[in-house]
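Notes for the one structure printed next.
The values are calculated or read from the model by the stated rules, or taken from the named source; none is laboratory data. As the structure is a computational prediction, the values presented were derived from the model and not from experiment. So basically every Cβ, Gly included, is an ideal-geometry build from the backbone, and we count neighbours across all protein chains shown.
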Amino acid sequence: MREFALIDRLKTRLASRRTDTRLGIGDDAALIAPAAGEELAITTDTLIAGRHFPSDTPAFDIGYKAIAVNLSDLAAMGADPAWVTLALAAPELDESWCDAFLDGACAAMGDDPIDIIGGDTTRGDLSITVTAIGRLPVGSALRRSGAQPGDVIAVTGTLGDAAHGLDCWDERAQANADETFCIERLARPRWRNGAALRALAHAAIDISDGLVADLGHVLAASGVGARVNVDALPVSPALAGCVDTAQMRACQLGGGDDYELCITLAPGDLERAQAALDCPLTVIGEVEAEAGLRLVDAAGRPFAWAGAAGWDHFPDA
């Protein structure tokens with residue numbers, strides 16, 4: 001497929017869903033018109049074959065994940081997703097691969113009013129860069145810096161599935177049902193409705209690099225510490241059925257790619273936050289004034305964690 005044939009295909013398949021998209025794919029730039037009293041949240045992620053996803057990942061799953069991880073960043077800011085641009089580098093533009101990739105991207109957006117409004121294509125090693133733009137009332141964004149002593153710490157969904165899915169990837173043809181569930185969690189992360197929490201949560205982050213690392217970013221930005229009960233970490237029946245407790249804790253604390261939300265909020269707002277979401281919200285600890293992250297078990301005994309602090313693209317040599 002030629003580059004401009006792909007652009008024409010995109011224009012045909014991706015008709016605008018939004019009235020505030022003034023101009024989408026086809027010109028040198030898109031035009032959008034946010035309403036008065038709104039501000040825009042903007043995030044960009046690059047996914048590279050062999051680093052962010054296995055090189056033999058199906059095109060549908062690549063398209064899905066490329067969109068979902070960016071929408072998860074918007075969710076962590078409490079923004080309603082609205083627009084996406086997509087830049088694709090590929091060795092060639094195979095028609096069936098491109099269609100499957102777009103199918104995955106559209107599946108990640110679901111029925112939400114989100115427009116893909118532009119991007120770029122170029123020849124090269126397979127990589128995808130997505131910029132996602134969300135809307136929210138001025139001054140209402142969730143930040144990493146808002147956690148307060150006395151807040152409870154809660155996470156959506158379950159933790160550790162995607163990390164174990166990566167462990168199972170090479171043997172996925174022989175995977176059992178529990179392992180397959182974890183593999184699918186890696187390939188197709190679920191972005192959550194963070195906009196429903198923006199009037200309730202004090203701070204938020206999505207768990208992309210591992211709970212210890214990402215919660216640590218919140219604590220550092222807020223100038224606080226936390227106590228987390230590792231026995232309270234939500235686990236799927238699938239992960240619990242695949243691994244022993246030590247492996248499970250390693251996946252939950254240090255594994256990334258779950259893209260669940262980690263939030264802090266006042267205890268009195270917990271019930272409303274749970275009701276606002278279409279997924280479980282589990283309290284795992286509380287914010288404290290003393291700096292540092294303290295991991296404990298259900299009895300309050302210190303939990304020794306010697307695992308990696310989370311994913312780092314540029315670790316020390």
Identify, by number, the condition in (1) surrounded by fewer than 18 Cβ atoms within 10 Å (Cβ to Cβ); (2) touching a Leu at 6+ places or on another chain (Cβ under 7 Å) that CYS182 doesn't meet. (1)
Within the stretch 196-241, work out how many residues are farther than 28 Å from THR44 by Cβ, under 21 Å from the mean Cα position of the chain (by Cα) and part of a loop (DSSP other than H, G, I, E, B). 4
Residues located in the stretch 257-271, provided they are exposed (fewer than 14 other Cβ atoms within 10 Å of the Cβ) and touching a residue at least 40 places away in the same chain (Cβ under 8 Å): PRO267
Which fully enclosed strands (runs of 3 or more DSSP E) of the stretch 63-166 have 1 or more residues being closer than 26 Å to ASP28 by Cβ and not assigned by TED's automatic domain parsing to the domain that holds ARG188? 80-90, 115-123, 127-137
